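Student: Have a look at this one.
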Amino acid sequence: MSSTLDLQPAEKSSITQDGLLTLDRVSKSYRLWHRPHDRFLYGIWNQVPPSFPQAIRAFAERRKAKLGKEVFALSEVSLSIKRGESVGIIGVNGSGKSTLLQLIAGVLQPTTGRVQVNAKRVTALLELGSGFDPNFTGRENVLLHGSLMGLTREENHARLPEVLAFSEIGDYFEAPVKTYSSGMMMRLAFASSITVNADLLIVDEALSVGDVFFQQKCYHKIRDLVKGGVTILLVSHDMRSVSEFCEEALLLDKGKVAFFGDAVEAINRYYTISRAYLRPVASSGALPKESDWKATSRSGIHQLEPIPPECCSPRTDAAAAFLGFALLNENGVSTNFFWQGGWLRLIFEAGIACDLENVSPGVILRDDRGSFLHAKYEFQIDPMKLRSCKKGDVFRVSYAVRLDITAGYYTLSLAMLQIPPEAIKDGKLSFGGFDQHHKNVCATDSIASFTVSFNPDRPGSNFANFGTFDLPTRFGIDQDEFFE
């Protein structure tokens, strides 16, 4: 398969001649119409032939420019990928990822620029099952799909046992597709797509097919394809998959290339960009009353990212508020990407609006569904480690936690409690005393998101456990040997 649309010669720095995939200054725009009949008028002015005088053609262009607004989904994207490379394409929603894949797959044509795919066979996992005829059986749809992909009759029939075994749909393979569940449809479509021996495999958020066991099978198959030298383009919000399968990643932001290079570096930059989108927007109602104190984060060695006031609660008459934070790995590098079993370090600052005694800051961990997983406060390390603060004070806290949790997405939020002295007896704090006497001072919404990925350098299995947390564990032939 090779599709091209020529424009201008490519810059040598961004395009290579031996690439399997080449994008040269590719842009894709759409026109948004102000009124329904603007589309009709645009079509009329667009019919002015090139043989007409320049003045008339210029007048037509001016009239067309006033009809609707041109919006670019992609702008000036250049990229070159060699055979056997696996590249991730990442970015926040609306950054142009799916548009780029559709251009590469030939579903769309670029407005300007050149897309060249020097591959005999390209498979795109974009909308699984969308091309199946509901009245055909699974077998007939697989054969039709293979024919459209250019497989010979022998190649097409030879892959049927593999498709049937991989999809695990059993006797339904001979039944009309309209009798399938949506999950069965996607499983068959996935199995059909990955068995055509493509040179280029395009995957757009298609690795969450079926139950967890089938998903694992899909991941294993993708790994085998990567090892076999198949070039893979993977679009995903799952940064674990991008870090595992891709050595390089393309980061898109508002239709433009923000970064192309090392996958982990691209992921870090993705989080830097996405933080701007995650911040809540102040409501259009009455603005929160400002506190009567001002404080500026002391940058020190690490520059802290400000925490917007609308992220903090309470929003009015707060006794304290969190001001800024920095998220670092165990080497002190600012990042939002961590390996399982590695250390995460969070530095944050809090400002005090009135005199407070016995306050203790803490950090709260939630998963990608917002489920509460874990919280830790300073006083839980040492009940006597409580702070007394004066109005206008600003203090900095350094928090570190070893990420003995499963690979996934997580968020961090902050909270501050006040524990009166009478709750602590003989240097100890019981849960009953805490539950009865503690007061909430202030808290934040989620201020940072981060990804934990399986560690490829870990001895043995690169994943440490099943479930959410990795607990200290011992195995032995004789149970008593643990306690000798």
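Just so you know, all these numbers are worked out from the coordinates, no wet-lab data involved. As the structure is a prediction and not an experimental result, all values here were calculated from the model. Note that we place each Cβ from the backbone using ideal geometry, even for glycine, and neighbour counts take in every protein chain shown.
Student: Show me the trypsin sites (Lys or Arg not before Pro) within the range 32-95 that DSSP assigns to loop and that have at most 15 other Cβ atoms within 10 Å of their Cβ.
Tutor: Lys66, Lys82, Arg83
Student: Right, here's the next one. For every helix of n ≥ 4 consecutive DSSP H residues, a contribution of -39,500 (n - 2.57) applies; sum these over the chain, divide by its total residues, and give [θ] at 222 nm rounded to the nearest 500 deg cm²/dmol.
Tutor: On the way: 12 runs with 116 residues, N = 484.
Only helices count here, giving -7000 deg cm²/dmol.
Student: Taking N as the number of residues in the range 375-484, what is its Cα Rg relative to 2.2 N^0.38 Å? Before the final figure, lay out the partial values.
Tutor: Details: Rg = 19.4 Å, N = 110, 2.2 N^0.38 = 13.1 Å.
It is 1.48.
Student: Check every DSSP H run in the chain and write down those whose alpha carbon atoms cover 18 angstrom or more along the long axis and whose mean Kyte-Doolittle hydropathy is 0.0 or greater.
Tutor: Membrane-span-like by this criterion, though nothing is claimed about a membrane: 263-278.
Student: Convert each backbone phi in the range 111-121 into a coupling constant with the Karplus relation 6.51 cos²θ - 1.76 cosθ + 1.60 (shift: θ = phi - 60°), then list the ³J(HN,Hα) values in order as whole Hz, x for Gly and Pro.
Tutor: Values, residue by residue: 5, 9, x, 9, 10, 10, 10, 8, 10, 5, 9 Hz.
Student: Evaluate the charge dipole of the range 291-453 about its Cα centre and quote only its size in Debye, nearest 20, assuming +1 on the Cβ of each Lys and Arg and -1 on the Cβ of each Asp and Glu.
Tutor: In debye, rounded to 20, the range 291-453 gives about 200.
Student: Right, next: Non-local amide H neighbours of Thr111 (under 5 Å, H modeled in plane, Pro and chain starts lacking H): which ones?
Tutor: Placed amide hydrogens put Ser27, Lys28, Ser29 under 5 Å from Thr111.
Student: Along the range 342-355, what does the Karplus equation 6.51 cos²θ - 1.76 cosθ + 1.60 (θ = phi - 60°) give for ³J(HN,Hα), rounded to whole Hz, x for Gly and Pro?
Tutor: Residue by residue, the range 342-355 yields x, 9, 10, 10, 10, 10, 9, 10, 10, x, 10, 9, 8, 4 Hz.
Student: Pairs Lys97/Lys227; Lys120/Lys217; Lys64/Lys256; Lys120/Lys178; Lys254/Lys376: which are spaced more than 30 Å apart, C-alpha to C-alpha?
Tutor: Numbers: Lys97/Lys227 25 Å; Lys120/Lys217 26 Å; Lys64/Lys256 26 Å; Lys120/Lys178 32 Å; Lys254/Lys376 38 Å.
Among Lys97/Lys227; Lys120/Lys217; Lys64/Lys256; Lys120/Lys178; Lys254/Lys376, the Cα-Cα distance tops 30 Å for Lys120/Lys178; Lys254/Lys376.
Student: Of the peptides 413-420, 318-325, how do they stack up when ordered by the mean number of other Cβ atoms within 10 Å, highest first?
Tutor: Values: 413-420: 20.2, 318-325: 22.8.
In decreasing order of mean packing, 413-420, 318-325 become 318-325, 413-420.
Student: Can you sort Arg31, Arg240 from fewest to most other Cβ atoms within 10 Å of each residue's own Cβ?
Tutor: Arg31, Arg240
Student: Report, by chain and number, residues whose modeled amide H sits under 5 Å from the one on Ser78, excluding near sequence neighbours (fewer than 5 apart, same chain).
Tutor: Counting only residues 5 or more places away or on other chains, the set is Arg25, Val26.
Student: Give me the net charge for the shell around Ala407: Cβ to Cβ below 12 angstrom, other residues only, Lys and Arg +1, Asp and Glu -1.
Tutor: -4
Student: Per Stokes-Einstein, at 37 °C and 0.692 mPa s, what whole-number D in µm² s⁻¹ belongs to the range 291-453, with the Kirkwood radius over Cα pairs as the hydrodynamic radius?
Tutor: Translational D for this selection: 199 µm²/s.
Student: Further question: Amide H to amide H under 5 Å from Glu247: which residues, 5+ apart in sequence or cross-chain, H placed 1.01 Å off N in plane?
Tutor: For Glu247, the qualifying residues are Ser86.
Student: Enumerate the calculated ³J(HN,Hα) couplings along the range 359-364 in order (Karplus 6.51 cos²θ - 1.76 cosθ + 1.60, θ = phi - 60°), each rounded to whole Hz, writing x wherever the residue is Gly or Pro.
Tutor: Once rounded to whole Hz, the list reads 9, 9, x, x, 10, 10.
Student: Follow-up. Specify which labelled value, from (1) 89, 77, 46; (2) 71, 59, 41; (3) 70, 47, 45, agrees with Cα extents along the principal axes in Å derived from the coordinates of the model shown.
Tutor: (1)
Student: Moving on to the next point. What does the charge count near Pro176 come to, summing +1 for each Lys or Arg and -1 for each Asp or Glu among other residues with Cβ under 14 Å from its Cβ? Before the final figure, lay out each step's value.
Tutor: Details: positive: Arg139, Lys178; negative: Asp133, Glu140, Asp171, Glu174.
Overall, the nearby charge balance is -2.
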